[in-house]
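Here is the structure we will look at.
Where a number appears in this text, it was derived from the coordinates with a stated rule and is not lab data. This one's a predicted model, so the numbers in the text were calculated from it and none came from an experiment. So basically every Cβ, Gly included, is an ideal-geometry build from the backbone, and we count neighbours across all protein chains shown.
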Amino acid sequence: MASGQTRTGKAQYFDGLSSARHAVVVEAAPDALRILRPDGALLATWPYDDLRQQTAPDSMMRLRRSGGPELARLELRDPELIALIDDYADSLDRSGGAERRLRKRVIVWTVAAAASIVLVAVYGLPALSNQIAPLIPLPLEERFGVVMDKQVRAMLDDGKAGQAFECGLTDAEKPGRAALDALIGRMEAAAGLPISLKTAVVRKSDANAIALPGGHIYVFEGLIRRSRTPDEMAGVIAHEIGHVAHRDGTRSLLQAAGLSFLFGMLLGDFTGGSLVVIAARTVVQSAYSRDVETAADLYGVSLMSGIGGDPKALGTILDRIAGQVEPGSKILLDHPQTKDRIVAINAAADASPAKITPLLSAAEWAALKRICG
Ligand SMILES: [Zn+2]
């Protein structure tokens, strides 16, 4: 748009050599930006490719020239002139957009941090985390999940397996991985999550699964071994997808690490050692509240119904293996109110009966059973 148009307007120019500001006329022509003295004499010509945008108040555009004097800059306030320069300068639009997004994020986080301090004082940390977790931008949660993924794997891997910690990677194991991918793909499509799932099967003997912030889900070898049907395993995974959808991992990290987590996120400093270790330990070891587990159960029931699976299968496997989980590895199964959970799962399943179809063929399920060799 606007091709061929030339527009002029007033601006302030700092030449970077003296502290004086100059009232100038800026001419945005199709080929370049020209800076003119009020009497029309040419002061400088800035090619659009060289323009860089600097942080400025909202109504102002502040430009530098790449490679020019450090302090030389142009300040414009004419909205139509600014819009035309935005159109002509492709590189500027991108960097300007990034600048604006960053500025917006900093403002959001500054407000969130200030609000959090008040909330901590008034309500304590748990309430704070419920308020703040939904505000955390998903891309940030995903970035944090990537860092945590490494740490949690290191924490879970006791080295006992004597082989790769993740299953499904060798040629013999790949058919199992393909079967799981097909199932997860259907669950993900039905769930409509705002972030993508990253599922891994790991060599752990507990009948368990863990969800991390950012959509990471670990399915333990023991869960697949102890599941009598694909639906039992899928029911547990559906419960974990519920934790992802509800952002429970992020909320529990806020509770555990509190403001340091917030500020770490604000500064984008996820790799700063201790924070990640605390976060990983929290996700692996701490238990969710009963309400949070119930909400994940109900999510799991509706997700199972949505893919034509048996919505009661989660209750079935809970009932069979509750209390048989190694201490220190929680999340799903060592919850004291297991009986209550099963009753609630069955009630929700009965409330909206759906047609049940096989989630996997017999061959796929057999392959998945062999995913860890
Ligand atoms: Zn859970």
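Looking at the stretch 133-369 alone, DSSP beta bridges between its own residues are antiparallel in about 45 percent of cases.
Ordered by the number of other Cβ atoms lying within 10 Å of each residue's own Cβ, fewest first, PHE165, PHE220 fall into the sequence PHE165, PHE220. Counting lysine pairs in the stretch 133-369 whose alpha carbons fall under 15 angstrom apart, excluding pairs fewer than 8 residues apart on the same chain, gives 7.
Please give the FRET efficiency for ARG21 paired with LEU135, using the beta carbon to beta carbon distance and R0 = 30 Å, rounded to the nearest 0.05. So, using R0 = 30 Å, E works out to roughly 0.15.
Report note on the peptides 146-154, 34-42, 53-61: ranked by the mean count of other C-beta atoms within 10 Å, highest first, their order is 146-154, 53-61, 34-42. A full extension of the chain between SER286 and ASP340 corresponds to an added length of 17.4 nm, given 0.36 nm per residue minus the alpha carbon distance.
Karplus-based coupling profile of the stretch 183-196, in residue order and whole Hz: 5, 4, x, 5, 5, 5, 4, 6, 6, x, 6, x, 10, 7, with θ = phi - 60° in 6.51 cos²θ - 1.76 cosθ + 1.60 and x standing for Gly or Pro. Sparse packing (at most 16 other Cβ atoms within 10 Å of the Cβ) combined with a DSSP loop state is found for the following trypsin sites (Lys or Arg not before Pro) in the stretch 224-255: ARG228.
Basic side chains Lys and Arg get +1 at the Cβ, acidic Asp and Glu get -1 at the Cβ, and with that the dipole of the stretch 334-373 about its Cα centre reaches some 140 debye.
Think of the stretch 7-98 as having a plus end and a minus end, set by charges on the Cβ of Lys, Arg, Asp and Glu; of ALA29, LEU51, ALA72, ALA72 sits farthest toward the positive end of this dipole.
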